[in-house]
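What follows draws every value from the coordinates through simple rules; no lab data is involved. This is a predicted model, so every value here is computed, not measured. Methodologically, a virtual Cβ is constructed for each residue, glycine included, from the backbone with ideal geometry; neighbour enumeration extends over all protein chains shown.
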Amino acid sequence: MPPRKIRQQTDDNSDSGDEKVDAVPSPAPVLMSGDQLSSLLAAFSKSQAEANRQLVESLWASHGLGSGSKFTTPIVSPSPTPTSNMAKCTARFDGVARHPEAVEAFIDSVEVYKECACVSDDIALRGLPMLMEGEAAIWWRGVRNEVSSWPDALKRLRAMYGVPRPAHKVFRDVFSSEQGDELADSFIVRIRAMLSRLPYQLPEEARLDIIYGLLHKRIRKRLPRDGVSDIETLIEKSRMVEESLVECTAALNIPPQPHKSLPTVFSERSSAPDVTSIHIVMINIL
């Protein structure tokens, strides 16, 4: 009988313990509204921005900018409004040449200055008469009241002085101008500019053949056609040939010094130069 009472008590105690464990309530989930979540995110962003600012200030202080300096975003000031004009432009046009390349070269120079100096179209149009001289100035005085814009002024300038010549007239001008006393490099550049006035583009070999055939025979004699492949090479080698000819001509004008080992073209019996010998030497050079 006594043991049975003890077992009953233990059973009662176990039942009471189970009831106590089951009686403990589980924690309820924490709910957060949308406004509270937004406030939390804003506070987190603010704290992160403050931490970044402090980090930047510490970096600036480590580079010797001072501990009290603040990080500020640099402000870019707007570019000033240009107030330039055409007063310092050195390009001039008189209209005497009446070649399309002349007026195009003038327009290119004015356009480059206008772009570099930031000159507006209205100011450029007002300053264009300062760049005109002679016949061109007289022509502009008669048409300036009819010109309303800068592109219109360039169009009228090209129509007056840039009329292209027909191809057959260009070829007549080219083949009628052989090289005389003009320097070779200047002559080649001039003929190349004349060929550029053609309404179509000639091949490089054709232009080279035309220019080479118009050179003086003193250059063609010392510079074979096969020795040049383009016009720039022809200019360089022609200049070298002319320089060597000038040196030879200058050397003939110096009286020779008597020396047994060096032959002379002058007679040893007379101090005057032998005109016949000089003439033969000049023929061989030219």
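Counting Cα-Cα pairs of the stretch 122-210 in 5 Å increments starting at 0 gives whole-percent bin shares of 2, 11, 18, 16, 10, 12, 14, 10, 6, 1. Electrostatic bookkeeping for Glu242 treats Lys and Arg as +1 and Asp and Glu as -1; over the other residues with beta carbon under 12 Å from its beta carbon, the sum is -2.
Here the Karplus curve 6.51 cos²θ - 1.76 cosθ + 1.60, taken at θ = phi - 60°, turns the phi angles of the stretch 232-240 into couplings of 5, 5, 4, 5, 5, 6, 5, 5, 5 Hz, with x standing for Gly and Pro.
Would you mind checking Lys169/Lys217; Lys169/Lys237; Lys88/Lys114 for any pair whose Cα atoms are more than 21 angstrom apart? Cα-Cα > 21 Å for Lys169/Lys217; Lys169/Lys237; rest within. Other residues lying with their Cβ under 13 Å from the Cβ of Pro203 contribute a combined charge of -3, Lys and Arg counting +1, Asp and Glu -1.
Coupling constants for the stretch 165-174 follow from the phi torsions by the Karplus curve (6.51 cos²θ - 1.76 cosθ + 1.60, θ = phi - 60°), and in residue order they are 8, x, 5, 5, 6, 5, 5, 5, 5, 5 Hz; glycine and proline get x.
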